[in-house]
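No value in this document is a laboratory result; all are computed from the given coordinates. Everything numeric in this text was worked out from a predicted model, so none of it was measured. Here the Cβ is made from the backbone with ideal geometry for all residues, glycine too, and neighbour counts use every protein chain on show.
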Amino acid sequence: MKSLKVVFAITFGYGLATILCPGVVNLSALGQSQDPAIHVCADSGDVLRQVPLSAICPNGTQSLFLKGAGGPDVDAGKPNGQNPANLTPADKTILDNLNRRLKDLETLNCTAPANSKVVAPFELKDRNGARIFIVDPYGAALFDNSDKPVARFGTDRQSGNFSATGGNNVAYFGIGDKVTGLALKEGNNLRIDLGKSAGRGNYRLYVRSGSGGVVAGIGVSSDGDGLAGVFDPSGGTKATMAVSANGAGVIEIPRGNPIAQLTEGDEHHGGKLWIGNAGGQGMVEAGDAGGYGKVMAGPLGFKFVPTPGLGLPGSVIVGK
């Protein structure tokens, strides 16, 4: 009874297809065929198109094998695991088609046991033909809907790197000729540069202005100490934080020559403020004098100059 239902459904489907699209399926021609099976491709609109038995239906269509007019009955209730010699012509055609496709894949070295690989270059596209992923000898890239690479990882000579693009911004990470670390680029301008300096070999972080000049930086000095600086867009130094020659921390404001410093005093190790003129000569020095504060005014080498009639140094203020 199940076989009769299958045959009735197939016959009814052919009759309906003939009424709706008489140019697609010719029932009279099919009825005269002596082929044991008929291969058709069914699209999303349930339109059937006859193709050769060994043909592969296009994407978006379904492959169907129908019993021919002169072929043997198909036993729909036959259990699985039957002897290949007892296969119906339709089943044998399906099996031969699968074997042929498998052999084609093995010939391309895609699915052969212990040899699963794909040889570059190659592209991966969506159903509309747009690129999604590409691999070439230099790396791999992902594409957006406008066919623009938005992420790429690969090699730069003998090193690896990664880049990601979003709008007008690009982020780099890896090791290359220009970058060893992390870099952020806005348009054509490098704004953030974190990593190892190619020239000096030290590690540092640079923040750049829109014109490309370094406006802030922090890293390692040539002596191996920590160093931080603030600069104007043209690269002029406005303030630095570093380690002095005697190992104390120092904040300095330069103007060609240093004009102000805040550091640790040599004698009592308290705080020390030094202010100089534009030529770098000391004008004021203030700090800890060992339990009390002291302020000295120059420029006479901070010598004690007695104030007339008071017997006090006119260039020094001392208090407890």
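If you plug each phi of segment 243-260 into the Karplus form 6.51 cos²θ - 1.76 cosθ + 1.60 with θ = phi - 60°, what whole-Hz ³J(HN,Hα) values come out, in order, with x for Gly and Pro?
Listing the rounded values in order: 10, 6, 5, 8, x, 8, x, 9, 10, 10, 10, x, 9, x, 9, x, 10, 7 Hz.
Rounded to whole Hz and in sequence order, give me ³J(HN,Hα) for segment 132-145 from the Karplus expression 6.51 cos²θ - 1.76 cosθ + 1.60, θ = phi - 60°, writing x for Gly and Pro.
Couplings: 10, 8, 9, 10, 10, x, 9, x, 9, 9, 10, 10, 8, 5 Hz.
Under the rule of at least 5 residues apart or a separate chain, name every residue whose amide H is placed under 5 Å from the amide H of Asn202.
Answer set, sorted by chain and number: Ser197.
Hey, fewest Cβ within 10 Å first, where do Lys238, Lys92, Lys103 land in order?
Lys103, Lys238, Lys92
Would you mind checking which residues have amide H under 5 Å from Met283's amide H? H placed 1.01 Å from N; only 5 or more apart, or other chain.
Ile275, Gly276, Asn277
Name the shape class, rounded, prolate or oblate, that the alpha-carbon gyration tensor gives for segment 204-288, where a ≥ b ≥ c are the square roots of its eigenvalues, rounded holds for a/c under 1.5, and otherwise prolate holds if a/b is larger than b/c and oblate otherwise.
oblate
Tell me which residues come under 5 Å, amide H to amide H, from Ala289 once H is placed; ignore anything under 5 positions away on its chain.
So Ala289 has HN proximity to Lys294.
Take the cross-link list Lys117/Lys196; Lys185/Lys272; Lys238/Lys272; Lys92/Lys125; Lys125/Lys185 and give me the ones stretching past 31 Å between alpha-carbons.
Flagged as over cut-off: Lys117/Lys196; Lys185/Lys272; Lys92/Lys125.
Distance from the Cα centre of segment 128-147 to that of segment 246-268, in angstrom?
Going from one Cα centre to the other spans 56 Å.
Taking 51 Å as R0, compute the FRET efficiency from the Cβ-Cβ separation of Ala171 and Lys294 and round it to 0.05.
After rounding, the FRET efficiency stands at 0.45.
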